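A.B. asks: Below you'll find the structure I mean.
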Amino acid sequence: MKYTLLTCVPVLFTQITAHIVPGEHSAYLNPIDRRQTASCENTATSRDCWGNYSINTNYYDVTPDTGVIREYWLTAVNTTLAPDGYERQVLTWNGTYPGPLIEADWGDTLLVHVTNGLENNGTSIHWHGIRQGNTSESDGVPGVTQCPISPGNTMTYKFRCTQYGHSWYHSHFTLQYADGLLGPLIIHGPTTANWDVDLGTLLLSDWSHTSAFILWDNSASKGAPPQLENGLINGTNTYNCTGSTDSACLGNGTRFETTFTSGTKYLIRLVNTAIDGYIRFAIDGHSFSVISNDFVAIEPYTTDNLLIGIGQRYEIVVEADQDVDNYWLRAIWQTTCIGNDNADNILGIVRYDGASTTSDPTTTVGNFNNSCGDELLSDLVPYLNLTVGAFATEEELDLAFSIANSLFTWTINTTSLLLDWADPTELRILNNDPIFPTDYNVHEITVVDQWVYWVIQDTSGIGITHPIHLHGHDFFVLAQETGSFDASTTTLNLDNPPRRDVASLPGNGFLVLAFYTDNPGSWLMHCHISWHQSQGLALQFVERESEIAATITDPDTFNSTCKAWSSFYATGKYIEDDSGI
C-alpha cells in the first residue's frame, strides 16, 4: 500500500476510507454476536449480566431503553481550597474538587444543567469519551459544538448513555480543568470479571500551587512546559511545608484512604486527569485484574502495575488477599515524561479492616519501569470481538496532514488551531455558512458508514509522547510503534484490535487508527497535554456535514447561548490568548 505525504515535517496524518461489505448487518464488520436473550441479574457472582442484556451485547448497535432520565445541576464557582495543604484559588463544580459524581445506568438519559457562576470567564463541560450519537451539540467544546456559557447563564446538556463504564467530565474552555473544573462520571453496566464492592472512581492528577493561566503566561505560552509541585489522588495529598515562610503553605494535607476487608474483591475505576504527565498505578503487594479501558470491556489480564495516559481510564478488580496490614497505594509519576516536585510522594493508603488506623504503611514500591506510553496493545483485547474493514485501494487516499512543532505552537499544515468562541463550527453549519476559517483546522469527512484510517507519524526528533484523544468515536488502534511508518513492513491488526478514545503517539514514532463514519457532527481530535492543546495541537473532523443541522434539537437555545456570550465578551475582562480548547 502506497501512502502519499504532503510534506515531511514533525507529525503527519494520512486518511484512507474503506467501504463496508455490501449487505453487512452491522456497522462493525463481523461482530461475534453472543448476546444473551434471557434476563439475568447483575450480582457479585454474575457481573456479566444486565437484565435482558449482558457483556456479550454489541453496544454499538444495541442499547437498553430504560426510559429513565437522570438529572443533575452543576455550577462553576471560584473558591479557595487546599487540596494538598497549600491554599490557593480553585475553579470548582459546586464548590468541590473533584466535582460531584455524575452517574447513571446503561441506557439512561443524562440531563445536566450547567450554570456559569464565574465572574469573568466563560465555561463548558465536555463528557470525556461519550460518543454523543446524534447529540454533538452536547459535546461541550466552545468554538466547535457550542459557544461558551457566559457568566450568570445556564446551558443544559442532554445525551443517552449508550456506553457503560466510567470516565470524567471537565471544562473544555481553555485551561480551566487544570485549575479544578472536573469531576467523575460512572455509567453502570456489566463487567468481564466478578467483584463484591464498587469503590468508585479514583482520579489521579498532577497539581500546581499556581493557577494554570499564570503558568501559561509565564512559561507554557513561550514553549516551556512547567514542572508542577505535586500530584493528587481523588483531590487530596500531602505537601511538606516544613521551613516554609509562605502563609499559603498550611501543611494540613491528607492522604486518600480506603479500607479493605479480607477476602473481598473491589472494583476500582481509575482515571488520569493530569495536565501533563503519565502515571503508573500500583498497590504495594497486590496484583489485580484489568477489565476495561476507556468505556470498552476487555478480556481480563493480571498485573501489579498499570501505566495510564492523560484522559485514559481503566477498571480493575483487586482482591484483598494479603496480610491484615496497611499498604501504600501509589500514583507513580513517570519522570521520563516530565518532572514533578513531589514525584515519589503521590500516595494513598489501603488499610485492611483490623489494621492500625493511625500509622503509615511501611511497604515498599515494586521495581517498575519509568516510561511514557500505553499498556501493551496485546493486553488490551476487547471482549466484544469486532473486525475492522480491510484497506481498499490506493485511489481512496483522500488527504494527508502534517503537524509541526515550533517553539511557541503546534501546527497542522502550518496552521495552529485557533477557534472563535462566538462562531463555533456547528453554528456555522446551522446557519448554512459552512466555509470554515483556515485556523479552525477542519477536515471534512463526507463518506457515510465507511471506515476511515489515519496514520500519525512524529518526525520531530523531540521525543515527546502525545496522548491523542478523539471526540465522537471510539477508535481502533491498528499499530503503535517507535520509528517511521512503512506500509510495506508495518503489520496492522485488523482482527479485534484495541478500541478506546485516547491512545499514545510514541515520541519519534507512529500511531495508526481507524474509526467508522456513523456519527454526524464536528469532532475534535487533540493532544490531551493541556499545554499542547492550548498551543493548537488539534483538528476537527466535520463528519457528514449535511446531516449535522438536523441533529441539533434546540437551535433557539444554541443561538441564544451564542448571543449571550457575544454580549459578555464584548465588555469582558479577558481575551482569548490560546487555541480556545
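The values are calculated or read from the model by the stated rules, or taken from the named source; none is laboratory data. Here the structure is a predicted model, which is why all the values come from computation and not from measurement. Positions of Cβ are generated from backbone atoms using ideal geometry, with glycine treated the same way; all protein chains shown enter the neighbour counts.
A.B. asks: So is Glu481 surrounded by fewer than 20 Cβ atoms within 10 Å (Cβ to Cβ), touching a residue at least 24 places away in the same chain (Cβ under 8 Å), farther than 18 Å from Ser579 by Cβ and touching an Asp or Glu at 6+ places or on another chain (Cβ under 7 Å) or not? Spell out how you get there, then give the answer.
C.D. replies: Numbers: surrounded by fewer than 20 Cβ atoms within 10 Å (Cβ to Cβ): yes; touching a residue at least 24 places away in the same chain (Cβ under 8 Å): yes; farther than 18 Å from Ser579 by Cβ: yes; touching an Asp or Glu at 6+ places or on another chain (Cβ under 7 Å): no.
No; evaluated as a whole, the condition is false for this residue.
A.B. asks: Working only within the range 472-511, note down all residues that are under 19 Å from Met525 (Cα atoms), more than 18 Å from the chain's Cα centre (by Cα) and outside any strand (DSSP E or B).
C.D. replies: Of everything in the range 472-511, just one residue is under 19 Å from Met525 (Cα atoms), more than 18 Å from the chain's Cα centre (by Cα) and outside any strand (DSSP E or B), namely Gly507.
A.B. asks: Considering only residues that are surrounded by 14 or more Cβ atoms within 10 Å (Cβ to Cβ) and within 19 Å of the chain's Cα centre (by Cα), look in the range 359-380 and name the one that is farthest from Asp325 (Cα to Cα).
C.D. replies: For the range 359-380, the residue satisfying everything is Leu377.
A.B. asks: Filter the range 34-51 for residues that are of a type outside the set (Ser, Thr, Tyr) and either loosely packed, with under 14 Cβ neighbours inside 10 Å or not in a loop (DSSP other than H, G, I, E, B) (or both); which is modelled with the lowest pLDDT? Even if it seems obvious, please write down each step before you answer.
C.D. replies: First pass over the range 34-51, keeping only residues of a type outside the set (Ser, Thr, Tyr): 34-36, 38, 40-42, 44, 47-51.
Among the residues that remain, those that are also either loosely packed, with under 14 Cβ neighbours inside 10 Å or not in a loop (DSSP other than H, G, I, E, B) (or both) are: 34, 38, 40-41, 44, 49-51.
On the way: Arg34: 33, Ala38: 54, Cys40: 85, Glu41: 91, Ala44: 97, Cys49: 96, Trp50: 95, Gly51: 93.
Residue satisfying both the conditions and the ranking: Arg34.
A.B. asks: Oh, and also: Residue pairs, Cβ under 6 Å, 6 or more apart or interchain, first in the range 217-228 and in contact (Cβ under 8 Å) with a residue 24 or more places away in the chain, second of a type in the set (D, E, K, R) and part of a loop (DSSP other than H, G, I, E, B). List them.
C.D. replies: Taking only residues 6 or more apart or on different chains, the pairs are Pro225/Asp276.
A.B. asks: Listed residues Gly348, Gly311; which is among the small types (Gly, Ala, Ser) and either in contact with a Lys or Arg (Cβ under 9 Å, 6 or more places away or on another chain) or surrounded by fewer than 20 Cβ atoms within 10 Å (Cβ to Cβ) (or both)? First the steps, then the outcome.
C.D. replies: Values: Gly311 fails: either in contact with a Lys or Arg (Cβ under 9 Å, 6 or more places away or on another chain) or surrounded by fewer than 20 Cβ atoms within 10 Å (Cβ to Cβ) (or both).
Only one candidate qualifies: Gly348.
A.B. asks: Could you list, in sequence order, all residues of the range 180-189 that are farther than 15 Å from His128 by Cα and surrounded by fewer than 24 Cβ atoms within 10 Å (Cβ to Cβ)? Steps first, answer last, please.
C.D. replies: Of the residues in the range 180-189, the ones farther than 15 Å from His128 by Cα are 180, 188-189.
The one that is farther than 15 Å from His128 by Cα and surrounded by fewer than 24 Cβ atoms within 10 Å (Cβ to Cβ): His188.
A.B. asks: Oh, and also: Which members of the range 560-581 meet the condition of being touching a residue at least 40 places away in the same chain (Cβ under 8 Å), polar (S, T, N, Q) and farther than 29 Å from Ser504 by Cβ?
C.D. replies: Of all residues in the range 560-581, those touching a residue at least 40 places away in the same chain (Cβ under 8 Å) come to 561-562, 564-569, 572-574, 576-581.
Now narrow it down to the ones that are polar (S, T, N, Q): 561, 566-567, 579.
Thr561, Ser566, Ser567, listed by residue number.
A.B. asks: Taking the range 438-451 on its own, how many of its residues are in contact (Cβ under 8 Å) with a residue 60 or more places away in the chain and either of a type in the set (S, T, N, Q) or farther than 20 Å from Val141 by Cβ (or both)? Talk me through it step by step, then tell me what you get.
C.D. replies: Step one: list which residues in the range 438-451 are in contact (Cβ under 8 Å) with a residue 60 or more places away in the chain, which gives 440-451.
From the residues that got through so far, the ones that are either of a type in the set (S, T, N, Q) or farther than 20 Å from Val141 by Cβ (or both) too are 441, 446-451.
The qualifying residues number 7.
A.B. asks: Would you say Ser522 is touching a residue at least 60 places away in the same chain (Cβ under 8 Å) and buried (at least 24 other Cβ atoms within 10 Å of the Cβ)? Please lay out each step first, then the result.
C.D. replies: Details: touching a residue at least 60 places away in the same chain (Cβ under 8 Å): yes; buried (at least 24 other Cβ atoms within 10 Å of the Cβ): yes.
Here the answer is yes, as Ser522 does meet what is asked.
For every residue, the table says whether it meets (1) out of contact with any helix residue (DSSP H, G or I) (no Cβ under 6 Å at 6 or more places or on another chain); (2) of a type in the set (A, V, I, L, M, F, W, C); (3) farther than 26 Å from Asn230 by Cβ.
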{"site": "Leu250", "(1), (2), (3)": "yes, yes, no"}
{"site": "Ile275", "(1), (2), (3)": "no, yes, no"}
{"site": "Val296", "(1), (2), (3)": "yes, yes, yes"}
{"site": "Asp341", "(1), (2), (3)": "yes, no, no"}
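A.B. asks: When Thr517 is evaluated against the numbered criteria (1) over 21 Å from Val144 (Cβ atoms); (2) among the β-branched types (Val, Ile, Thr); (3) surrounded by fewer than 23 Cβ atoms within 10 Å (Cβ to Cβ), which criterion, by number, is the only one it fails?
C.D. replies: Of the numbered conditions (1) over 21 Å from Val144 (Cβ atoms); (2) among the β-branched types (Val, Ile, Thr); (3) surrounded by fewer than 23 Cβ atoms within 10 Å (Cβ to Cβ), the odd one out for Thr517 is (1).
A.B. asks: Scan the range 128-165 residue by residue and report those that are within 16 Å of the chain's Cα centre (by Cα), of a type outside the set (A, V, I, L, M) and farther than 29 Å from Tyr383 by Cα.
C.D. replies: Gly140
A.B. asks: Return the residues of the range 128-158 that are touching a helix residue (DSSP H, G or I) at 6+ places or on another chain (Cβ under 7 Å), in a strand (DSSP E or B) and under 22 Å from Ser534 (Cα atoms); say none if nothing qualifies.
C.D. replies: Scanning the range 128-158 gives Gln146, Ile149.
A.B. asks: Can I ask one more? In the range 159-202, which residue that is of a type in the set (Phe, Trp, Tyr) and not in a strand (DSSP E or B) is farthest from Asn116 (Cα to Cα)? Spell out how you get there, then give the answer.
C.D. replies: First pass over the range 159-202, keeping only residues of a type in the set (Phe, Trp, Tyr): 159, 164, 168-169, 173, 177, 195.
Those left that are additionally not in a strand (DSSP E or B): 164, 173, 177, 195.
Numbers: Tyr164: 28, Phe173: 12, Tyr177: 14, Trp195: 39 Å.
By that ranking, first place goes to Trp195.
A.B. asks: Does at least one position in the range 105-119 carry a residue that is at pLDDT below 95 and within 30 Å of Asn230 (Cβ to Cβ)? Write out each step before concluding.
C.D. replies: First pass over the range 105-119, keeping only residues at pLDDT below 95: 119.
Checking which are within 30 Å of Asn230 (Cβ to Cβ) leaves us with 119.
So far as the range 105-119 goes, yes, one or more of its residues are at pLDDT below 95 and within 30 Å of Asn230 (Cβ to Cβ).
A.B. asks: Of the residues that sit in the range 251-266 and are among the charged types (D, E, K, R) and not in a loop (DSSP other than H, G, I, E, B), which one is surrounded by the fewest Cβ atoms within 10 Å (Cβ to Cβ)? Even if it seems obvious, please write down each step before you answer.
C.D. replies: Step one: of the range 251-266, the residues among the charged types (D, E, K, R) are 255, 257, 265.
Cutting the leftovers down to not in a loop (DSSP other than H, G, I, E, B) gives us 257, 265.
Details: Glu257: 15, Lys265: 19.
It comes out as Glu257.
A.B. asks: How about the range 200-241: which of its residues are farther than 16 Å from Thr254 by Cα and polar (S, T, N, Q)?
C.D. replies: Answer for the range 200-241, where residues must be farther than 16 Å from Thr254 by Cα and polar (S, T, N, Q): Thr201, Ser208, Thr210, Ser211, Asn218, Ser219, Ser221, Gln227.
A.B. asks: Hey, another quick one. Just checking, which of Arg500, Arg544 is of a type in the set (D, E, K, R), in contact with a strand residue (DSSP E or B) (Cβ under 6 Å, 6 or more places away or on another chain) and more than 29 Å from Asn153 (Cβ to Cβ)?
C.D. replies: Criteria check complete, one pass: Arg500.
A.B. asks: Tally the residues that are in contact with a Phe, Trp or Tyr (Cβ under 8 Å, 6 or more places away or on another chain), under 10 Å from Gly85 (Cβ atoms) and buried (at least 17 other Cβ atoms within 10 Å of the Cβ), restricting the search to the range 234-250.
C.D. replies: Count: 5.
A.B. asks: Please enumerate the residues belonging to the range 285-308 that are among the charged types (D, E, K, R) and surrounded by fewer than 20 Cβ atoms within 10 Å (Cβ to Cβ). Steps first, answer last, please.
C.D. replies: In the first step, residues of the range 285-308 are kept if they are among the charged types (D, E, K, R); the result is 294, 299, 304.
Across the range 285-308, the qualifying residues are Glu299, Asp304.
A.B. asks: Does Thr302 count as part of a loop (DSSP other than H, G, I, E, B) and hydroxyl-bearing (Ser, Thr, Tyr)?
C.D. replies: No, not satisfied.
A.B. asks: Another question, if that's okay. Based on this model, can you work out whether His469 counts as outside any loop (DSSP other than H, G, I, E, B) and modelled with pLDDT of 90 or more?
C.D. replies: Details: outside any loop (DSSP other than H, G, I, E, B): yes; modelled with pLDDT of 90 or more: yes.
Yes.
A.B. asks: Also, I was wondering about something else. Which pairs have Cβ atoms under 8 Å, sit 6 or more apart or on different chains, and link a residue in the range 543-559 that is within 16 Å of Val141 (Cα to Cα) to one that is of a type in the set (Asp, Glu) and assigned to a helix (DSSP H, G or I)?
C.D. replies: Partner pairs satisfying both residue conditions: Ile548/Glu426; Ile552/Glu137; Ile552/Glu426; Phe558/Glu137; Phe558/Glu426.
A.B. asks: Among the residues of the range 85-141, which ones are under 30 Å from Gly51 (Cα atoms) and among the acidic types (Asp, Glu)?
C.D. replies: Of everything in the range 85-141, those that are under 30 Å from Gly51 (Cα atoms) and among the acidic types (Asp, Glu) turn out to be Glu103, Asp105, Asp108, Asp139.
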